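Asks: Handing you this structure, nothing more for now.
The values are calculated or read from the model by the stated rules, or taken from the named source; none is laboratory data. None of these values were measured; they are calculated from a predicted model. Methodologically, a virtual Cβ is constructed for each residue, glycine included, from the backbone with ideal geometry; neighbour enumeration extends over all protein chains shown. Areas reflect the complete protein model, heavy atoms only, side chains present, ligands, DNA and RNA absent. Shrake-Rupley method; radii C 1.70, N 1.55, O 1.52, S 1.80 Å.
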Amino acid sequence: MILSKLFTGLGIGLSKTNTNKSLFAARKFIVFWGRLDILTNPQFRAIGWRLILSYLMAMMVVMGLSSVVVYHFFAYSLSQQLDRQLLTLTDAAAHNLSAIQVDKMAVHRKMPPILDNDGDLDIPWQDLRLYSQSVEWFDAKKQLLGKAGKQFPETPFVTNFHSWQQNGIRTLTIAVYSSVKNQQLLGYVRVSASTVEVQKELNRLLMGLGLAGVLGMVLISGTGWWLTSKALQPIEQSFQQLQQFTADASHELRSPLTAIKTTVEVLQSHPERIHLSDVKKITIIEEATQQMTHLVEDLLLLARSDAAPVSLPKTAILIPIDEILFDLIDTLQSQAKSQEITLEADLIDAVWVKGDAHQLQRLFGNLLENALQYTSNGGLIRVKMLKKDDFVVIEVVDTGIGIAPEYLSLVFNRFWRAEKARSRRQGGSGLGLAIVQAITHAHGGEISVTSKIAVGSCFRVKLPIFKESCQDS
């Protein structure tokens, strides 16, 4: 067939053997590209997958639209080719209408090629008609005079000069006149042809486009992933170097900070040796050292959480979460009273989680300190515990200044601050909520926040409960 020859000429076989070879090659291609995964960081690998999926979606749309255009173009071209064949056959069969009106047996009589008054060579219609085509002759009153062929349309007779298709048969009808000058209607000739072969060609085209699309998507996904990985690799290396620098710098800064802190403590332990004018300076040094120590510890914790997969700490033990919250609330109660803030708690006894006590204390300590910092005098902070299935939910609700809705998705970003929503608190590093999120994820939990301007905020921490410990207790 036409399309089969076309695909063969292009070197694209549609046979079962070639299809199996193509699928085998595709499988080898996937395995090959699977070995070229040069991204090691899970975050960058996730970014790479998002990029390649977006690229694949765009290419699928482009290839889909291109396939639709190609399919409809070939369908239109084949329909036009069939219409031209029907028109040529109709014109040839029209020369037999006069003879058939006199003798109906003339349908089977082959006329010799002659040159008539219209100036064209009248080829016998028998030499033009294919096996799947049929011819019908009608008089001026639309009465059937004769027919030749096997497949005839079952639709009513239509005299308009146009082709139409129904039930797998395409039909063309023309009116026959005695001459161009007289315009006397002699009758009609209707020719029909089966569209089965045309549909087979279109099905082959559709199969070829589908196979080409699958192979194309495999090639695009492989090359796209390789190019994406190559493009992200320098960024990943820079990110890893920055992580390593942060971890190394944080680690190296701990020693001099410890030395400064120890020196200050020694000086403060002998106040008689300190000049009165130097007391304030030493106090400033102590506060700055403490702030730098917290910042270094925060950076080191975040660097470690980025470098290693999220998991429970090695020092994880069974911890009563209610006791940690009670101790923190008791510790911060004096600060809350100094700010005229009411600090309430609604806790549940004997709720155990598995984790690191120091990190969990840091998690909820950051949330409570954050609430105290951004709650005005006379406000309320409430800590509430809820049990939901196999999890415990700790809510820290405040009546503070709130966070604008457009900033809620950014509150856990490192060093992020929205000047319109919250001002920078004194002594803060901007890493508190990022630390909270990292510790929560390390303990297999989730954290979320809801807030309204001038109403307050609610931070929800969801942690898995260690049931066996509950039962043992």
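Asks: Which one of 152, 161 is surrounded by 14 or more Cβ atoms within 10 Å (Cβ to Cβ), assigned to a loop (DSSP other than H, G, I, E, B), among the aromatic types (Phe, Trp, Tyr) and modelled with pLDDT under 90? I'd like the intermediate steps shown before the answer.
Replies: Working: 161 fails: surrounded by 14 or more Cβ atoms within 10 Å (Cβ to Cβ).
The conditions single out 152.
Asks: Kindly provide the set of residues from region 133-149 that are open to solvent by 50 Å² or more (accessible area, probe 1.4 Å), of a type outside the set (A, V, I, L, M, F, W, C) and in contact with an Asp or Glu (Cβ under 9 Å, 6 or more places away or on another chain), ordered by number.
Replies: 147
Asks: Tally up the residues in region 363-400 that are of a type in the set (A, V, I, L, M) and surrounded by fewer than 19 Cβ atoms within 10 Å (Cβ to Cβ), please. Walk me through it before giving the result.
Replies: Taking region 363-400 first, the residues of a type in the set (A, V, I, L, M) are 363, 367-368, 371-372, 380-381, 383, 385-386, 392-394, 396-397.
Filter once more, so that each one left must be surrounded by fewer than 19 Cβ atoms within 10 Å (Cβ to Cβ): 380, 385-386, 393, 397.
Final tally of qualifying residues: 5.
Asks: Has region 337-354 got any residue that is under 24 Å from residue 298 (Cα atoms), touching a Leu at 6+ places or on another chain (Cβ under 8 Å) and surrounded by 15 or more Cβ atoms within 10 Å (Cβ to Cβ)?
Replies: Going through region 337-354, the residues under 24 Å from residue 298 (Cα atoms) turn out to be 353-354.
Then keep just the ones that are touching a Leu at 6+ places or on another chain (Cβ under 8 Å); that gives 353-354.
Then drop every residue that is not surrounded by 15 or more Cβ atoms within 10 Å (Cβ to Cβ), which leaves 353-354.
Yes, region 337-354 contains a residue that is under 24 Å from residue 298 (Cα atoms), touching a Leu at 6+ places or on another chain (Cβ under 8 Å) and surrounded by 15 or more Cβ atoms within 10 Å (Cβ to Cβ).
Asks: Select from region 396-412 the residues that are assigned to a loop (DSSP other than H, G, I, E, B) and over 14 Å from residue 455 (Cα atoms) and list them in ascending order.
Replies: 411, 412
Yes/no per residue for (1) open to solvent by 50 Å² or more (accessible area, probe 1.4 Å); (2) under 24 Å from residue 217 (Cα atoms); (3) among the hydrophobic types (A, V, I, L, M, F, W, C):
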site	(1), (2), (3)
44	no, yes, yes
49	yes, yes, yes
62	yes, yes, yes
70	yes, yes, yes
90	no, no, no
96	no, no, no
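Asks: Looking at region 336-358, I want the residues that are within 13 Å of residue 383 (Cβ to Cβ) and among the small types (Gly, Ala, Ser) and have a partner that is open to solvent by 60 Å² or more (accessible area, probe 1.4 Å) and at pLDDT 90 or above with Cβ atoms under 9 Å, at least 6 apart or on another chain. Which pairs are those?
Replies: Between residues of region 336-358 that are within 13 Å of residue 383 (Cβ to Cβ) and among the small types (Gly, Ala, Ser) and residues that are open to solvent by 60 Å² or more (accessible area, probe 1.4 Å) and at pLDDT 90 or above, the close pairs are 336/342; 345/326; 345/382; 345/384.
Asks: Of everything in region 313-336, what is modelled with pLDDT under 90 and either farther than 22 Å from residue 441 by Cα or open to solvent by 80 Å² or more (accessible area, probe 1.4 Å) (or both)? Give them in sequence order.
Replies: Result: 314, 315, 317.
Asks: Among the listed residues 467, 420, identify the single one that is under 34 Å from the mean Cα position of the chain (by Cα), farther than 14 Å from residue 362 by Cβ, surrounded by fewer than 21 Cβ atoms within 10 Å (Cβ to Cβ) and modelled with pLDDT under 80.
Replies: On the way: 467 fails: under 34 Å from the mean Cα position of the chain (by Cα).
Result: 420 is the single residue among 467, 420 that is under 34 Å from the mean Cα position of the chain (by Cα), farther than 14 Å from residue 362 by Cβ, surrounded by fewer than 21 Cβ atoms within 10 Å (Cβ to Cβ) and modelled with pLDDT under 80.
Asks: Looking at region 274-301 only, could you name the residues that are assigned to a helix (DSSP H, G or I), without any contact (Cβ under 8 Å) to a residue 12 or more places away in the chain and surrounded by 12 or more Cβ atoms within 10 Å (Cβ to Cβ)?
Replies: 278, 279, 283, 288
Asks: Let me ask you something else. What number goes with the only condition from (1) surrounded by 15 or more Cβ atoms within 10 Å (Cβ to Cβ); (2) out of contact with any strand residue (DSSP E or B) (no Cβ under 7 Å at 6 or more places or on another chain); (3) closer than 22 Å to residue 107 by Cα that residue 179 does not pass?
Replies: (1)
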